[in-house]
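Asker: Would you mind keeping the following structure in view while I ask a few things?
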Amino acid sequence: MIKTIAYEAPYVVILDQNQLPQRVVYESCATAEQVAGAIRELKVRGAPLIGVAAAFGLALAMQQYQGSVADLHSYYQGKRDLLAATRPTAVNLFWALQRMDEVLQSSQGCAPGAVGERLLQAAQDLLEDDIRVNEAMGEKGQELLGGSVRVMTICNAGALATCGYGTALGVIRSAARRNKIEQVWACETRPVLQGARLTVWELMHDGIPVTLISDNMAASVMRRGEVDAVLVGADRIAANGDTANKIGTYGLAVLAAYHRIPFYVVAPSSTIDLSLASGEEIPIEERHGDEIRQFRGVYFTVPEAPVFNPAFDVTPHELITAIVTEKGIIQPPFADSMAAAFKTG
């Protein structure tokens, strides 16, 4: 299994995904600030992994705390705010930090050192839970796929986006173990090329048949009748089923609907945000224009060219066939089915 993150005292060790596929490089983060930087710079990416990384960053900070009991909460809040500000769209980040808040609240009266240890254990629990959840989604999601299927995906929703196994790619992994996968079409995913750099590397690493296409080839491949299903991950799902995911997902969903291809979203329950009525309320992160103007320092347009660079788009629930979670497969109408499935948390 690909290891994306671990705690190796006194460091949080992360796989630097900006180095892939050319090099497999692990970076040791010694402070919460370094963890936050790794998240902002996309060394750590993928909604589930971002949440766990933030939890480890917070635990690391509390492990290092040398102040008084009286000042502990203000110190904690400062580090929490730092990590919460890294990526606004992926709700898993805030879900994980809330889990850490609950541990802190239950640690009233404990010595600072003990609080740090409890937070570290909580982060480790999140890591292990993430792997179990992903494997459960893979098993449930593969039931949607027949034999010898050809699937299309965008961005990277695999082990690299999680603590192991993956969301959309977890379904593909589980299906591949049953010899169901004939072909995976991996969209390159402009502008940072997570599909080309990460998904292709990950699937080839596992021996799963994959073919890379540029994003603007998706319609043509569908028209040729070579796609049986589209599988994508998610960064936030609103109460009505509207789903924020990597930019380009919405376009893929429109194409799938036109060609009558099922479009499946695969995400853990931590990605579902029932506090938001629709995708109109999901905050969409905008990133630096140089992500579009150049790649790894080489400009291929005018360096001063104005750029619009949203990192995510929102797919309306009407275009989604089903949402796969660890609790089961959620069918339309999503507002009713999700409220029923997640009414206890």
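Asker: Is it fair to say Val307 is outside any strand (DSSP E or B), of a type in the set (A, V, I, L, M) and touching a helix residue (DSSP H, G or I) at 6+ places or on another chain (Cβ under 6 Å)? Explain how you work it out, then say what you get.
Answerer: Details: outside any strand (DSSP E or B): yes; of a type in the set (A, V, I, L, M): yes; touching a helix residue (DSSP H, G or I) at 6+ places or on another chain (Cβ under 6 Å): yes.
Yes: the conditions hold for Val307.
Asker: Take Cys163 and tell me if it is at pLDDT 95 or above, buried (at least 24 other Cβ atoms within 10 Å of the Cβ), part of a loop (DSSP other than H, G, I, E, B) and touching an Asp or Glu at 6+ places or on another chain (Cβ under 9 Å).
Answerer: In short, yes.
Asker: Val265 passes all but one of (1) surrounded by fewer than 16 Cβ atoms within 10 Å (Cβ to Cβ); (2) closer than 20 Å to Leu144 by Cα; (3) touching a Gly at 6+ places or on another chain (Cβ under 9 Å); (4) not hydroxyl-bearing (Ser, Thr, Tyr); which number fails?
Answerer: It fails just one condition, (1).
Table: residues versus (1) within 27 Å of Glu135 (Cβ to Cβ); (2) in contact with a Gly (Cβ under 6 Å, 6 or more places away or on another chain); (3) in contact (Cβ under 8 Å) with a residue 24 or more places away in the chain; (4) surrounded by fewer than 16 Cβ atoms within 10 Å (Cβ to Cβ).
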site	(1), (2), (3), (4)
Ile2	yes, no, yes, no
Ile14	yes, no, yes, no
Gln22	no, no, no, yes
Ala32	no, yes, yes, no
Val35	yes, yes, yes, no
Glu41	no, no, no, yes
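A quick yes/no check of all residues on (1) at pLDDT 95 or above; (2) over 13 Å from Ala239 (Cβ atoms); (3) touching a Pro at 6+ places or on another chain (Cβ under 6 Å):
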{"residue": "Glu291", "(1), (2), (3)": "yes, yes, yes"}
{"residue": "Glu304", "(1), (2), (3)": "yes, yes, no"}
{"residue": "Phe312", "(1), (2), (3)": "yes, yes, no"}
{"residue": "Pro316", "(1), (2), (3)": "yes, yes, no"}
{"residue": "Phe334", "(1), (2), (3)": "yes, no, no"}
{"residue": "Ala339", "(1), (2), (3)": "no, no, no"}
{"residue": "Phe342", "(1), (2), (3)": "no, no, no"}
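Asker: Listed residues Val221, Val230; which is crowded, with 22+ Cβ neighbours inside 10 Å and under 24 Å from Ser148 (Cβ atoms)?
Answerer: Values: Val221 fails: crowded, with 22+ Cβ neighbours inside 10 Å.
Within the list Val221, Val230, the selection yields Val230.
Asker: A follow-up question, please. State whether one or more residues within segment 107-116 are of a type in the set (Ser, Thr, Tyr), at pLDDT 95 or above and either more than 17 Å from the chain's Cα centre (by Cα) or not assigned by TED's automatic domain parsing to the domain that holds Pro283 (or both).
Answerer: no
Asker: Consider Gly328 against the criteria (1) in contact with a strand residue (DSSP E or B) (Cβ under 8 Å, 6 or more places away or on another chain); (2) under 18 Å from Gly138 (Cα atoms): it satisfies all of them except one. Which criterion is unmet?
Answerer: Single failed check for Gly328: (1).
Asker: Here's something else I'd like to know. Inspect segment 199-213 for any residue being among the small types (Gly, Ala, Ser) and in contact with a Lys or Arg (Cβ under 9 Å, 6 or more places away or on another chain) and give the result as yes or no.
Answerer: no
Yes or no, residue by residue, for (1) part of a loop (DSSP other than H, G, I, E, B); (2) assigned by TED's automatic domain parsing to the domain that holds Val103; (3) over 20 Å from the mean Cα position of the chain (by Cα):
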| site | (1), (2), (3) |
| --- | --- |
| Val12 | no, yes, no |
| Leu20 | yes, yes, no |
| Arg23 | yes, yes, yes |
| Ser28 | no, yes, yes |
| Val44 | yes, yes, no |
| Gly51 | no, yes, no |
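Asker: Another question, then. Tell me which residues, restricted to segment 206-243, are in contact (Cβ under 8 Å) with a residue 60 or more places away in the chain, assigned to a strand (DSSP E or B) and within 16 Å of Ile181 (Cα to Cα).
Answerer: Ala229, Val230, Leu231, Val232 - these are the residues of segment 206-243 that are in contact (Cβ under 8 Å) with a residue 60 or more places away in the chain, assigned to a strand (DSSP E or B) and within 16 Å of Ile181 (Cα to Cα).
Asker: Would you mind stating whether Val69 is outside the structural domain of Ala161 (by TED's automatic domain parsing), of a type outside the set (S, T, N, Q) and either within 26 Å of Leu203 (Cα to Cα) or at pLDDT 95 or above (or both)?
Answerer: Working: outside the structural domain of Ala161 (by TED's automatic domain parsing): yes; of a type outside the set (S, T, N, Q): yes; either within 26 Å of Leu203 (Cα to Cα) or at pLDDT 95 or above (or both): no.
So Val69 does not fit the description; no.
The values are calculated or read from the model by the stated rules, or taken from the named source; none is laboratory data. The model shown is predicted, which means the values in this text are computed figures rather than measured ones. Every residue, glycine as well, gets a Cβ built from its backbone with ideal geometry; the counts of neighbours run over all protein chains shown.
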